[in-house]
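Let me begin by presenting the structure, written as structure tokens, before commenting on it.
What follows is calculated from the coordinates using simple rules that are stated; it is not laboratory data. Remember, it's a predicted structure, so these values are computed and weren't measured experimentally. Note that we place each Cβ from the backbone using ideal geometry, even for glycine, and neighbour counts take in every protein chain shown.
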Amino acid sequence: MKAKITLLPGDGIGPEVVEAASELLKTVGEVFGHKFEMDSYLIGGCAIDEYKSPLPEKTLKACEDADAILLGAVGGLKWDDPSAKVRPEQGLLGLRKNLDLYANLRPVLPHPDLVSASPLKKEYLEGVDMLVVRELTGGIYFGQPRHRQSVNGETQAVDTMVYKTSEIERAARLAFSLAHERKNKVSSIDKSNVLETSRLWRETVSSVSKEYPSVILEHLLVDAAAMHLLTRPSDFDVIVTSNLFGDILTDEASVLTGSMGNMPSASLGSKKNSFGLPLGLYEPIHGSAPDIAGKGVANPIGTILSSALLLRHSLGLEEEAKALENAVDVTLNTGIRTADIATQEKEPVSTEKMTAKIIENFDQLEIISG
């Protein structure tokens, strides 16, 4: 296979973790006989500095022409001005909207050897294996009007949460189809006791569920869901929810894995690549972590696992994706840890050392299987 992958390192630790993941992708290509053409483009704060835009035209064009996109992170203290009209996050939101990346998939599967890194008791983490489907191009992040105005002598800010039936339907259908391949259960999260958009959400998901009679559907209010994620996380299979709620709940769910640095994500949409597969955006769920940027201590696992999702969903390379995931598992099994998941018994390793160990284990796995 010959595939074009656009790299968007972005800000903070983004360049470090994307470099690590691109090294793994090169290794995958060498071992399996694929050619991955990878070129980097600016997005976020660094793009603002260079082009005065968080999503330059050349970056967007490169993403549109790619078979898949791998992103690091956007944002940082340098651009953290709430009053600024141009912000790094606008680059990511603009990319999602322009490419119609309407669903974000975030798998939550704690590694057995990292249970101690989670603040939850071990018994709560047994059997946890969930997938969160977050609607990504609607809701309050994109709704209009959005403005500030003066009312009776004080400043008033307005954000609008908007959802259309079609936006909810396509996210729900994806969730049900994924559940059908897993444990046949969908948990739909809303705030229908308060929000009109959530009442439409619940009605629409219920309607779509009739197309999937073998899949069990449960509805939960978002506050109850936040509690259940910590008290009965193993009861969840596939969670589907709106943009805002998904953003918050997946960060909470990262606690189950021990660190946000371990968690990958895939953003999929309606556009197809040259292979007729979804043109997806793949990224770790952690932020730019400016406090550790440039120190060589960032955890690259979330980005490396995101590249495994890239192989699976946008390139159709299931064997290669599983091999990469297995290499990460083997590395963690041997006790190698970056600082965010390290125990007191062992010295943490650098981003570079973690990456090298995963590459080494990938090569050894292929030698054994071959």
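Numbers for the structure displayed
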| item | result |
| --- | --- |
| For peptides 14-25, 204-215, 75-86, sequence by mean Cβ density within 10 Å, most packed first | 14-25, 204-215, 75-86 |
| Positive-end residue of Leu7, Gly261, Gly296, charge dipole of the chain with Cβ unit charges | Leu7 |
| Lysine pairs with alpha-carbon atoms under 28 Å apart, region 119-256, spacing 8 or more or separate chains | 11 |
| Phi-based couplings in Hz for region 321-330 (Karplus 6.51, -1.76, 1.60; Gly and Pro marked x) | 4, 5, 4, 5, 4, 5, 4, 5, 4, 4 |
| Stretch gain in nm, segment Ala356-Phe275, where the contour uses 0.36 nm per residue and the Cα spacing is subtracted | 26.1 nm |
| Spin-label proximity, Glu123 to region 204-244 - amide N less than 13 Å from point 7 Å beyond Cα toward beta carbon | 232 |
| For Leu136, Leu92, order by how many other beta-carbon atoms lie within 10 Å, fewest first | Leu92, Leu136 |
| Value at 222 nm in deg cm²/dmol, rounded to 500, when DSSP H runs of n ≥ 4 in the chain each add -39,500 (n - 2.57) | -13000 deg cm²/dmol |
| Choice from Lys61, Lys183, Lys35 showing the highest fluctuation, given a GNM over the chain with Cα pairs closer than 10 Å | Lys61 |
| Test item: Cα-centred dipole of region 1-102, Lys/Arg +1 and Asp/Glu -1 on Cβ, debye | 240 |
| The chain: relative contact order in percent, alpha carbon pairs under 8 Å with at least 6 residues between | 21 |
| Ascending count of other beta-carbon atoms within 10 Å, so fewest first, for Arg170, Arg232, Arg134 | Arg232, Arg170, Arg134 |
| Spatial separation of Cα centroids for region 85-112 and region 317-370, in angstrom | 26 |
| Options Phe275, Ala342, Asn326, ranked by Cα towards positive dipole end of region 263-351, top entry (Cβ charges) | Phe275 |
| Which labelled figure in [x] 19.2, 57; [y] 20.4, 74; [z] 22.9, 81 is Rg and Dmax of the Cα atoms in Å, once derived from the coordinates | [y] |
| Theoretical gain in end-to-end length, Arg232 to Ser206 [0.36 nm per residue, Cα-Cα removed] | 7.0 nm |
| Length-normalised contact order for region 121-202 - Cα pairs under 8 Å, 6+ apart - percent | 22 |
| Euclidean distance of C-alpha centroids, region 23-51 and region 263-304, integer Å | 11 |
| Packing-based order for 279-286, 139-146, using average beta carbon neighbours within 10 Å, highest first | 279-286, 139-146 |
| DSSP-defined antiparallel bridges as percent of all bridges, the chain, nearest 5 | 40 |
| Magnitude of the charge dipole, the chain, Cβ model with Lys/Arg +1 and Asp/Glu -1, debye to 20 | 820 |
| Normalised contact order of region 119-256, rounded percent, pairs of Cα under 8 Å and 6 or more residues apart | 38 |
| Dipole magnitude of region 304-351 about its Cα centre (Cβ charges: Lys, Arg +1; Asp, Glu -1), debye to nearest 20 | 60 |
| Interchain or long-range residues, amide H under 5 Å from Ile216's placed H | Lys185, Val186 |
| Relative packing of 112-119, 293-300, which averages over residues the other C-beta atoms within 10 Å, highest first | 293-300, 112-119 |
| Proximal aspartates and glutamates relative to Lys322, as straight alpha-carbon distance under 15 Å, when same-chain residues fewer than 8 apart are discounted | Asp363, Glu366 |
| Alpha carbon convex hull of region 119-256, projected area averaged over orientations, nm² | 9.6 |
| Cβ-derived FRET efficiency at R0 22 Å, Ala84 paired with Gln149, nearest 0.05 | 0.75 |
